[in-house]
Each structure stands twice: as C-alpha cells, then as structure tokens.
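The values are calculated or read from the model by the stated rules, or taken from the named source; none is laboratory data. Worth saying up front: this structure is predicted, and the values here are computed from it rather than measured. Ideal geometry is used to build each Cβ from the backbone, glycine not excepted, and the neighbour counts take in all protein chains shown. Please note that ligands, DNA and RNA were not included when accessible areas were found on the heavy atoms of the full protein model with its side chains. Shrake-Rupley method; radii C 1.70, N 1.55, O 1.52, S 1.80 Å.
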Amino acid sequence: MDSQQKLSVVKGAKVLMVGAGGIGCELLKTLALSGFQDIHIIDMDTIEVSNLNRQFLFRQSHVGQSKAKVARDAVLKFRPHISITPYHANVKDPDFNVDFFKQFNVVLNGLDNLDARRHVNRLCLAADVPLVESGTTGFLGQVTVHVKGRTECYECQQKPAPKTYPVCTITSTPSKFVHCIVWAKDLLFTKLFGDKNQENDLNVRSTGAASSSEHVEDVFERRKDEDIEHYGRRIYDHVFGYNIELALSNEETWKKRNIPKPIYSRHVLTDEFTQQNGDVDKNLATDVGPSVSAMAFLGMNNPQDIWSLMENSRIFLEALKLFFTIRGKEIGNLSFDKDDQLAVEFVTAAANIRAVSFGIPLHSLFEAKGIAGNIVHAVATTNAIIAGLIVIEAIKVLQNDTNSYRMTYCLEHPSRKMLLMPVEPFEPIKSCYVCSERSKLRDFVEKIVKAKIGMSFPLIMHGSALLYEVGDDLDEDMVANYAANLEKVLSELPSPVTGGTMLTVEDLQQEFSCNINIKHREEFDEEKEPEGMLLLGWTQPFSAAEKDNNRSIGNGASVSNASSSTTAEAATDDEIEIIHSGKKRKLSEDSKKTDSGISKVDDETKISKQLEILDDEDDLVMLNEGGTDKKKKRLL
C-alpha cells in the first residue's frame, strides 16, 4: 500500500475514542495531526484542578466542564476542518450499544478503570470492531491490539485482583501506612463529616467495655453549644487515646505485635496552641469552600514536608474546626475527594497521628494524597508516548496489516538497551470465557435442566435476576426477552453467568427447586462427553418400587411436597461443568479423576466483612455481612 492509499485509509476512517483524560488528550491531538477526519469521543468526567498538570488541552477556566467537549473545542482551534463528536456520557449507557459500535472502523481506549475496559472489550467483540487498548502508570505504559479471532481479547489474560484489607486490621492492628489512610479516610472522615446513618466500624470495643458503651456511641456527636475547640480535643482524645487503650485491654492481640501507645492532646499540645492557630473569623472573607486550607492558616506551605506529631495534631484540629465553622452546611453530606484540599489535610494528619501510635513511619501530604486517592502520579511524557503508539497500531489495523500488529510496553529502565519493548500479539486463549466459543443458555436449558434434571417448565434465576421462564401468563415482551436470552452465551446474559456462578432452577408445576454451581472446564472427553456439558453430584431418580420403599431422590433430598428449604438443601451438591470453547479433546485418566469431585456449598458460611481498595479507581468499598436480597426481578 503506497503512501497515498495509506493516507486515504486514515482520512476515510471513523474512529471512536473512549476517555479524554491523560492519554485521551494526547491521543486526540495526535489523531488530528495524523490526518484522521472523523473522531468520536466518549467521557463522563468533568475537568478538575488536578488534571491541569498533564491534560494539556484544559485550562483553569475549564474546571467543572465536560472533558470530551472541551477537548473537542481545543483541537478544533488548530484543526478546524475535521469532525469531532463529543459525548459527555458513560460508555456503559444503553445508547452506546453494539449497533453504535458497529459504525466505527476501530475503537481506541484511554480509560482508567477495569470495569469500563471490560465493557468496551465485550462490545467490540460483539460488534466485530478492532480495539486498541492502553494504560499508563507513572513511567510505565502499554499498548495492546485486540482483533476478534486473530489476537487475544482484553480479558484473555487474568487481571491482578484488587487489594483487600480486613476491617479488624484497619480498626485494630494496622501495620502499614495505607492501613492508617484507609482508617482516616473511610472511617474517621465519614464518621465526622459524612452520613451519620451509615454503618461505621470506627468504634473498637471489647466485651469489657460495656460500661462505657454510652460514651462510645455519643462521642462523635457535637453537643449543643459545645465549643469547637473542646469538641476537637474530645474527638482527638477518643480516637487516638481512649480507643487505643481499649484495644490494649486485649493482651492476647499484642503478644506478637508492636504495642501501640495512646496519644492524648494534653501530652502533645499546650493550652496556647489555639491562639497560635490563628483566628478563623478573620480569614472567612478570603478563603471559603473546598479551597480552604488548614496548612495556609498555620503557615505550613510545603506539601512534601513530613510533619511532626505536634504539627499533625495542629493540622488535625484546625482542619476539623474549619469544616465545622466555614463548611458547616456540608457536614453530613461529605465524602472524601482527593481534590478537596482540606479533606486531604485532615486525612493526612489523622493517618500520621495513628501511625505514630502504632510505630509506623510518617508520610508527607503529597505521599498521603497519592495513597488516599489510590494514585500513581501520572507522567505527561508517558501519556504522549503511549498515545503515539496507539495511533501507529490503529493505522496498521485500518490497513489490515495483521503481521505488523504489536503489543508495545514502555519501560522505566532500559531492557536490552530499549525503553520501548514490542511483542507480537498472542492468539486468543481457548479457555477465555469472553472471546472463545461458548455455551449458550439454550444449551444449558435443553441439555441439563430438561434432559438431565427432568424439568418441564423451568424458571432460572441468578441471584435476584430472572434469566428464563416458561408459562402461559407471560406477556409478549417477556416471551421475546426470554427467547433472546436463550441465544446468548452464558457470560453475556443480563446477569452474566461465569465460573463460580450459582443458579437457582425451579419448576413450579413440579414444586421442585435446586441450586446449580457453574464450573468452567477447558477440555471434555470427545467420546464420553460429546455435549460439552456435564452434570455432577446428581444421580437419576429411583424406580417406582424404590420410591415406595425410600421416598428420596438420588442427591439426598427428601421428596415431601418439597418445601423450598428442603429442596435447597438437596441442591447444594449439584454442579455443572461447562466448556466455553467448541474444541473437545480426550482427557487423560488423571484429568478425569480430578474433575469428578463434587463442590459443596455451606449454607452456614458467613461473608467476612472487609475493606477493599480498587486498583483502578479512587473508591474504597465496604462489604457488609449478611445475606443477599432474594427478591426476584425481571430483566427486560
């Protein structure tokens, strides 16, 4: 293909960009300067102050505006004759469906979270549109090409699991600074400034603290007419003093751990510190809203300084005071935001004071902000390099130059004298539950539910989501919806079914119900398991004579006009192994043995409460104890 033909391919391409942030800004500029004429951008975010150091299409005056729209306007100033269509929306919105994706020649991802990447990957597979994926972390970056049937999809390779921290570690036995940050951000900050009705594990009580339960429950409420200085010190003494002493009462906990020391304000601060902190009222006129800063009030201007215990204590009390005096209207509705200067100062100070108590090294505000926001500080140069590589691969895709596709990694340190490491793309993984040939719901209904279990009018549920139902009382929309579900592969159902999923299958006419655990297996015995599905943990019902003598069915359930609880118990041993690729191969004897086991579900198992930090987002999710909502809902 000569240069004119290549240019023609580029000019005639219709390109979708997802993400207009760090990579997106560089990518849009590079696409425009490379000759692309028709570009569409999707981004749901608005511009924040923290974006301005690397997302060069944005300026201070753009803060609060749509990233996609401002990026378009900025590029049109130097490329006014091209078409750029912005969408200030979430790529997961129903408007951006398979038909929407089919109109594009290539999709270019510049996203920052795993969930959205997976969503775009699946839509590109369904629409049969090539995807160029990318990501950066500091000086590291990568660009990968995903073409259906030719290269592995984004989900062929398992992604790192999110880091999790049990609540007991966060509240009682922190050993790392990140534990202190999580405690300060998601427990203390929320307790003081967030929703008062939200469950919070901040109070650590032993069984011997019953006498002080009233004190524990009321301490975070500011009393009527209570002086803000007194309230601040009372909170300080409770969380850094009283709660630590309470934790120390359990001697067994500290036999193999560093023993923390309680910290009280009277031991750190003098009575005169209030006057040293300055007069808040004098500054009200010049410093209000999210930009208010406890550091500024105290004359501490360098965010890379590591504060002493006294300085952290002063920042803690000053920040608390500023929240209640200047931002009092927000109390009860606040959540931590890494771009809220006062919130970052409060969390940094609180985390550092707790770190002192537990013998953990202190960190600067700059470092603490990165941890609290789950941030690896971005490098603009890395984004620019990755954007250039994306465009190079996009041009190869448009030219259908399959042999030239490369996955390229940007390294922090040279390897073999190279900072850019190109690698040929891998072939699709046959066991991938997203892009390989997979079983459909129809296969499950016909081969397992009807043929093996013997149900006539099955109802299939995943949690509270109703995936399939048969009956004369269904309206036309429901019938059409369930018919459509039958033709979908299990992982693409409205409530996706993958390895480890538990399905509830009922036949209301038979008054029978069971749970089925779905298990993925790559290979099946071509001769003995030709259907590509296998039901384990279930035996055929007894003969009529046997039923008269022993009213039970093969999986151990009692057959007595089956109550739901009885049949549910019967079903805990049922398991289906499903192959998601069409290829079948003869298994070795060893393989047959290992796959013949039955997985049991313990109904008494409780889900431990834990805190989870998501790698790609700034959120921290608290998983609560208890069961799930069993109410049925129809997905139409």
Does residue 43 qualify as being closer than 26 Å to residue 100 by Cβ, acidic (Asp, Glu) and either out of contact with any helix residue (DSSP H, G or I) (no Cβ under 9 Å at 6 or more places or on another chain) or open to solvent by 70 Å² or more (accessible area, probe 1.4 Å) (or both)?
no
Single residue of the range 216-233 satisfying the filter (hydrophobic (A, V, I, L, M, F, W, C) and either within 18 Å of residue 327 (Cα to Cα) or open to solvent by 80 Å² or more (accessible area, probe 1.4 Å) (or both)) that is modelled with the highest pLDDT
228
Pick from the range 120-139 the residues that are open to solvent by 50 Å² or more (accessible area, probe 1.4 Å) and within 21 Å of the chain's Cα centre (by Cα): which of them is farthest from residue 93 (Cα to Cα)?
137
Give the residue that is modelled with the highest pLDDT, with candidates limited to residues of the range 250-280 that are among the polar types (S, T, N, Q) and closer than 21 Å to residue 359 by Cβ.
265
For residues that are open to solvent by 10 Å² or more (accessible area, probe 1.4 Å) and touching a residue at least 60 places away in the same chain (Cβ under 8 Å), scanning just the range 24-40, find the one that is farthest from residue 115 (Cα to Cα).
34
Do we have residue 368 as out of contact with any Ser or Thr (no Cβ under 9 Å at 6 or more places or on another chain), within 30 Å of residue 316 (Cβ to Cβ) and either assigned to a helix (DSSP H, G or I) or modelled with pLDDT of 95 or more (or both) here?
no
Quick check on the range 142-157. Is at least one of its residues among the hydroxyl-bearing types (Ser, Thr, Tyr), in a loop (DSSP other than H, G, I, E, B) and either touching a Gly at 6+ places or on another chain (Cβ under 8 Å) or surrounded by 18 or more Cβ atoms within 10 Å (Cβ to Cβ) (or both)?
yes
For the range 420-430, does any single residue satisfy the condition of being within 16 Å of residue 109 (Cβ to Cβ) and open to solvent by 20 Å² or more (accessible area, probe 1.4 Å)?
yes
Residue pairs meeting the criteria (Cβ under 9 Å; at least 6 apart or on separate chains; first under 21 Å from residue 516 (Cα atoms) and hydrophobic (A, V, I, L, M, F, W, C), in the range 472-490; second open to solvent by 70 Å² or more (accessible area, probe 1.4 Å) and assigned to a strand (DSSP E or B))
486/440; 489/440; 490/440
Kindly evaluate residue 349 against the criterion of being among the aliphatic types (A, V, I, L, M), over 20 Å from residue 196 (Cβ atoms) and open to solvent by less than 10 Å² (accessible area, probe 1.4 Å).
yes
Restricting the range 463-491 to residues that are under 21 Å from residue 431 (Cα atoms) and in contact with a helix residue (DSSP H, G or I) (Cβ under 7 Å, 6 or more places away or on another chain), the one least open to solvent (accessible area, probe 1.4 Å) turns out to be 490
Hits in the range 42-63 (condition: in contact (Cβ under 8 Å) with a residue 60 or more places away in the chain and of a type in the set (Asp, Glu))
48
Hey, can you tell me all the residues within the range 453-471 that are closer than 30 Å to residue 124 by Cβ and touching a residue at least 40 places away in the same chain (Cβ under 8 Å)?
460, 461, 462, 463, 464, 465, 466, 467
